[in-house]
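The values are calculated or read from the model by the stated rules, or taken from the named source; none is laboratory data. Only a predicted model underlies this, so the values are computations on that prediction, with no experimental measurement involved. Cβ sites come from the backbone with ideal geometry, for glycine too, and all protein chains shown count toward neighbours.
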Amino acid sequence: MLIHSKRIIIPEGCVDAVIKIENGKIVDFLDADSVNKVDVELEDNIVIPGIIDTHNHGTMGYSLSGSNKDIEKDVRGYLKGLASQGVTACLPTASVEYFSTIADVMNTEIDGAIPLGIHSEGPYLNRVGEKGIDEGYPDIEQEYLKKMVDLAKGNLKLVAIAPEIPGAKKAIEYFTSQDIRCAFAHSNMMYEEALESFKWGITVTTHTANVMTGIHHRKMGGLGACLLDDDVYNELICDGLHVSNNMIELMFRVKNNYLDKFMMVSDSTTASGAPIGKYSMFGYDVTIDEEGFCLTDTGRLMGSTIPVIGGIKNLYNNLGLELWDIVKMSSRNPAKVYGAKSKGTLEVGKDADFVVIDDNFKVLKTYREGRCIYDFKKDKDLFNPNFLK
């Protein structure tokens, strides 16, 4: 298959070329003038590497938690919804009730984004964030940790945990012994404590800056540790709402080799893609406003409604970053961290995972392994109607 665009984002920059695809792989980039006929002509539309979102709880009205009767339908609807947002691979951030089904779906044909594994944010979390209500945390029990691993059937890739919870150190050591990464999350730890906890095996920081102690000029918080430790990778919600743009700029300036260490995530929930209005979610009444905030009645942020492509747009339009640098954080870095060696960049030998967007960052088409898994002209009514009920 031959696909042409005048603006293809490869590691070296932006090129006018024809992508030659065979058996789901990129086998060559041909000079556009040397090819008489192509299978797909994209003209001036931009082609970027497929987005890899490693932290999202749902989208397009589909959730990865709760007591829904048809879990497989939810998972498949969610994966198709992600494809409509330019995501080609993901770590579904799910409750344990969904682990087994996600693992089973991973072994089938998927019409949407493909899971690289499973992400568990909690259940061992402490800090609740601004305007949140502290409801405590469950005791850490070894049997439950083993249950999480068993239910995921070898596919648990990331567990987010507050290191100050009693028993967290042993839990981190257990997960890492199973080749499962651990993330610093929802923590009240200050600078020195956080740095010490990283030595236990933590390699990722969950939605960095959100729900962690901030930076004070006399007493550095957990955020300071996340930025000054050169070894940890940092998730970041780049919508400009969860973290202000001037703070994002500060974080990028502080972190050593930031283009190699940040991973853009959405932290999206079932409400991503929902119309402005009031909804009932996770036992809370929430409001989605015109900016994209999803807030409880107390004003607490409840996840995100803006996908990673919205963060890419924000970094490009408002922070002035080049697309070939932004996609390092949205695609290349998560592929590297979570072992997806064939994904993350548009290069010869890699999977043909890419997204076609216009100048307003609207997702027009999404390809995974050379197959179109979303076309905005054909794929309509992807939002789960049951959510609106």
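Of all the listed residues (D44, D53), the sole one being in contact with a strand residue (DSSP E or B) (Cβ under 7 Å, 6 or more places away or on another chain), of a type in the set (D, E, K, R) and closer than 24 Å to F262 by Cα is D53. Applying the criterion of being within 27 Å of N210 (Cβ to Cβ) and surrounded by fewer than 19 Cβ atoms within 10 Å (Cβ to Cβ) to the residues of segment 97-124, the residue that is farthest from the chain's Cα centre (by Cα) is E97.
Against the test of being surrounded by 13 or more Cβ atoms within 10 Å (Cβ to Cβ), at pLDDT 95 or above and under 23 Å from the mean Cα position of the chain (by Cα), the options I21, I46, I26 yield a single qualifying residue, I46. In segment 206-219, the residues that are in contact (Cβ under 8 Å) with a residue 40 or more places away in the chain and more than 19 Å from K261 (Cα to Cα) form Cβ pairs under 6 Å with partners that are surrounded by 22 or more Cβ atoms within 10 Å (Cβ to Cβ) and of a type outside the set (G, A, S), at six or more places apart or across chains, as follows: V211/H186. Highlighted here are the strands (runs of 3 or more DSSP E) found entirely within segment 1-120 that include at least 2 residues which are in contact with a helix residue (DSSP H, G or I) (Cβ under 9 Å, 6 or more places away or on another chain): 2-10, 13-22, 46-49, 51-56, 87-92.
Within the option set A89, A32, A94, being of a type in the set (G, A, S), touching a residue at least 24 places away in the same chain (Cβ under 8 Å) and farther than 22 Å from L158 by Cα holds for one residue only, A32.
Here is a yes/no grid of residues against (1) closer than 22 Å to L91 by Cα; (2) part of a strand (DSSP E or B); (3) under 17 Å from the mean Cα position of the chain (by Cα); (4) at pLDDT below 95:
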position: D150; (1), (2), (3), (4): yes, no, no, no
position: K153; (1), (2), (3), (4): yes, no, no, no
position: L158; (1), (2), (3), (4): yes, yes, yes, no
position: P163; (1), (2), (3), (4): yes, no, no, no
position: K170; (1), (2), (3), (4): no, no, no, no
position: F175; (1), (2), (3), (4): yes, no, no, no
position: D179; (1), (2), (3), (4): yes, no, no, no
position: C182; (1), (2), (3), (4): yes, yes, yes, no
position: L195; (1), (2), (3), (4): no, no, no, no
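Has segment 64-73 got at least one residue that is touching a residue at least 24 places away in the same chain (Cβ under 8 Å) and under 19 Å from the mean Cα position of the chain (by Cα)? Looking for residues that are touching a residue at least 24 places away in the same chain (Cβ under 8 Å) and under 19 Å from the mean Cα position of the chain (by Cα), one finds at least one in segment 64-73, hence yes. For segment 308-315, the criterion of a residue being in a loop (DSSP other than H, G, I, E, B) and of a type outside the set (S, T, Y) is satisfied by no position. Residues considered: T269, T287. Of these, the only one that is among the β-branched types (V, I, T) and within 22 Å of the chain's Cα centre (by Cα) is T269. For the residues K336, K365, the requirement of being farther than 23 Å from L236 by Cα, at pLDDT 95 or above and buried (at least 17 other Cβ atoms within 10 Å of the Cβ) singles out K365.
As for segment 278-299, it holds no residue that is over 18 Å from N210 (Cα atoms) and either in a helix (DSSP H, G or I) or touching a His at 6+ places or on another chain (Cβ under 6 Å) (or both).
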